[in-house]
Amino acid sequence: MNRGAIAEINLSAIAHNLNVVRKTANNRPVIAVVKADAYGHGAVGVSRKLLQEGVPYLAVAYVGEAKKLRDEGITAPIIVLFDGDDTKAFFDLALIPVVYSKETAASLSSEALKRKTVKKIHVKIDTGMGRLGLHGDTIIEDIMAISEMPGIEIEGLLSHFSEADLSDRSYARLQLERFTTIQIAISRKVKKKFFSHMANSAAVLTFKEAYLDAVRPGIMLYGYSPLSRNPECKIPAPKLLPAMTIKSKLLCIRNVPPGTPISYGRTFIAKRPSRIGVVPIGYADGYSRLFSNNGEMLVRGKRVPVAGRVCMDLTMLDLTDAKNAKKNDEVVILGRQAGETITAEELALKANTISYEILTSLGSRARRTYVETD
Ligand SMILES: *Cc1c(COP(=O)(O)O)cnc(C)c1O
């Protein structure tokens, strides 16, 4: 959907962040998480760049996302993290399913037999996230049962951390221990080592014992640290470069006398002779209504406040102190303009959420352009 805003994605920043991940994770292979349209950055453009930079695997949430990449000619291995039911698509599109139930494994097995082929799968274990993965007292038996199904080869084992973003690593450690115990037990039984991966961005930054055979970061690739939402965490993050800028422009400006109400509900009343600018971005573009009378945008390198409620497609700015602002001037909603920057973390704090939601909300609705800065 092409709405009023533009998302400018800096692919050089993504390449930089990939190298930060590699350096931090002692050069482990990187499974690049490009789910949710690469966190709003555009999965096709971002994946092409990451593959060019030598990433060996991509990971998406759903088969539909993987199909989009295949349709664009991306032939790299793709791990599908959450979607188990579209059995045929895993074969037709040569995808790697993450399996977390015996039933899914059984359908893959019968499809593999039908096609006289062998499907490589990764098996997910729930070690304490409470979301997806084999769980309970029968994990080892379940994995053994899956490994004995014809037409299936368990290539990888994975799990996911619930809180690797703390200085206190005791829960992350417990999850890793559960994972390792199961992995060792299975490896002993089937006399084979599995390609094991567990580390999201938080674990890349805090927990080197969890690097295993590969790391599986998302948010770091896009230039944000998952630790910064958490002031308690004193572990320093390396220098990442935010890859997304969200821009729009001033649709019009008008001068209003004191006492003029602005936007729905008259929550902003001009206290002085004011200049009010209208920006074509609203909550339908992912600019949360929580930024009403609360957010700031950049105009001519200066911060200017949101005036009144954010509407569906429009937001008003109080430009009274940005005297030289003109119609059609660039407005930066997220990112840098001259010396000023608005980060996804700043917006997240104001909207009571995390940088992930800011990026996916704003990035997925804007018209995207890609730039390289070096
Ligand atoms: C989203 C996700 C990741 C990446 O998480 P970040 O916090 O963005 O690094 C890794 N693994 C799984 C299973 C995920 O769902």
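Here are the numbers:
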| item | result |
| --- | --- |
| Ranked packing of 49-59, 126-136, most packed first, by mean Cβ within 10 Å | 49-59, 126-136 |
| Area accessible to solvent at V306, 1.4 Å probe radius, in Å² | 10 |
| L251 paired with M129, simple spin-label distance in nm, labels 7 Å along Cα-to-beta-carbon | 4.0 |
| Estimated D of the stretch 244-342 in µm² per second, where Rh is the Kirkwood radius over Cα pairs and Stokes-Einstein applies at 25 °C, 0.890 mPa s | 187 |
| C-alpha center-to-center spacing [the stretch 175-228, the stretch 264-336] in angstrom | 43 |
| Over 23 Å (Cα to Cα) - which of K49/K350; K116/K189; K68/K120; K23/K192; K208/K234 fall in this group | K49/K350; K116/K189; K23/K192 |
| Coarse-grained scattering of the chain at q = 0.06, 0.08, 0.14 Å⁻¹, given as base-10 log I(q)/I(0) from a Debye sum over alpha-carbon atoms | -0.28, -0.48, -1.13 |
| R0 of 41 Å, Cβ-Cβ distance E330-R178: FRET efficiency to nearest 0.05 | 0.20 |
| Top positive-direction residue, dipole computed over the stretch 11-224 with Cβ charges, set L51, V215, F161 | L51 |
| Between 0 and 90°, nearest 10: helix 102-114 axis offset from the chain longest Cα axis | 70 |
| Added length on full extension, which subtracts the Cα-Cα distance from 0.36 nm per residue, A94 to I140 | 13.8 nm |
| Segment N230-K191, length gained on full extension (0.36 nm per residue, minus Cα span) | 9.9 nm |
| Principal-axis tilt of helix 43-52 within the chain, Cα atoms, nearest 10 degrees | 60 |
| Burial ranking of peptide ranges 40-48, 177-185 (average Cβ count within 10 Å, highest at the top) | 40-48, 177-185 |
| By accessible area with a 1.4 Å probe, ligands and nucleic acids excluded, highest first: order of Y356, Y39, Y370 | Y370, Y356, Y39 |
| CD proxy at 222 nm, helix term only [per DSSP H run n ≥ 4: -39500 (n - 2.57); per residue of the chain; nearest 500] | -8500 deg cm²/dmol |
| The chain, relative contact order [Cα under 8 Å, separation at least 6], % | 20 |
| Fraction of the pair-distance distribution of the stretch 17-140 above 26 Å, Cα-Cα pairs, percent | 27 |
| FRET efficiency, D313 to E372 (Cβ-Cβ, R0 51 Å, nearest 0.05) | 0.95 |
| Three-way shape label, the stretch 11-224, alpha-carbon gyration tensor, a/c 1.5 | oblate |
| Mean Cβ count within 10 Å, highest first, over the residues of peptides 165-174, 239-248 | 239-248, 165-174 |
| Around I182: net Lys/Arg minus Asp/Glu count, Cβ-Cβ under 12 Å | -1 |
| Residues whose placed amide H lies under 5 Å from that of A61, excluding near-sequence neighbours | K35, A36, L81 |
| Per-residue HN-Hα couplings for the stretch 25-33 [Karplus 6.51, -1.76, 1.60; θ = phi - 60°; Hz; x = Gly/Pro] | 8, 6, 6, 5, x, 10, 8, 7, 7 |
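The values are calculated or read from the model by the stated rules, or taken from the named source; none is laboratory data. Note that the coordinates shown come from a computational prediction; the quantities given were computed from them, not determined experimentally. Cβ: placed from backbone, ideal geometry, glycine included. Neighbour counts: every protein chain shown. Protein only, heavy atoms only, side chains kept; ligands, DNA and RNA dropped before computing areas. Shrake-Rupley method; radii C 1.70, N 1.55, O 1.52, S 1.80 Å.
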